[in-house]
């Protein structure tokens, strides 16, 4: 091969090798001034974005507060209430009376819910804005479980009702639930103690099932011994039922009551608390 051709071939290979060789990366170090400039640039963009968002929010907020489209009317159409049975709707509407004609954005929802809980029959309440100008309220009422005979309650009309938590309630005029009458319970007792005694009543009624209709009154003055008044063949008999096994003790009474009457005559009370033995007291003893 001619010398000239060899030189040209070497030059071509050298160029090709230079083209394929990977260039060494250059390490660029930013000085404090460069970092400050970068931070300042992004910080400025962030401030501009925040300013735009704040301006839009402020404009929308002012519009919502001033526009008649977002004003709460307070009428039946703007206030939707569900869950009522004993609570008067007018009592719920009164809670929102101060919001009439005001912007929905300024309504204090949690304060209104707290006010609703002050209504005697209200146990739980939910309040929800329904834009643009309506409010939805759902009420969970207290569930009465018994009539309460308190000191000074001379007649049935003066009785009050109590819920599972021992909260005393005044029954409304159209109250028509059939509930047991309970004594040995009053508002001066601590809330926890009232709840325990009401729980005893509930357990007793659940244990008796359909036969609970035969119970006329329950005395829970002793929370470890429910005393039940029942009418049997014209006689009012007191049954001491303890605090458990109510169904079994009820069946024991009905199984042996006739034999007890034959042996003792008219029965005034029966103590059923102890397994394997029963104490029967006659009316005249």
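Values quoted throughout were computed directly from the atomic coordinates according to the rules given, and no laboratory measurement underlies them. Keep in mind that this is a model prediction, so the values were computed, not measured. Cβ atoms come from the backbone with ideal geometry, glycine included; neighbour counts cover every protein chain shown.
Tabulated data
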| item | result |
| --- | --- |
| Burial order of peptide ranges 170-178, 221-229 (average beta-carbon count within 10 Å, highest first) | 221-229, 170-178 |
| Kirkwood Rh, angstrom, segment 146-282 [1 / mean 1/r, Cα pairs] | 15.7 Å |
| Which of 117, 239, 79 has the fewest Cβ neighbours within 10 Å, and the rest in rising order | 117, 79, 239 |
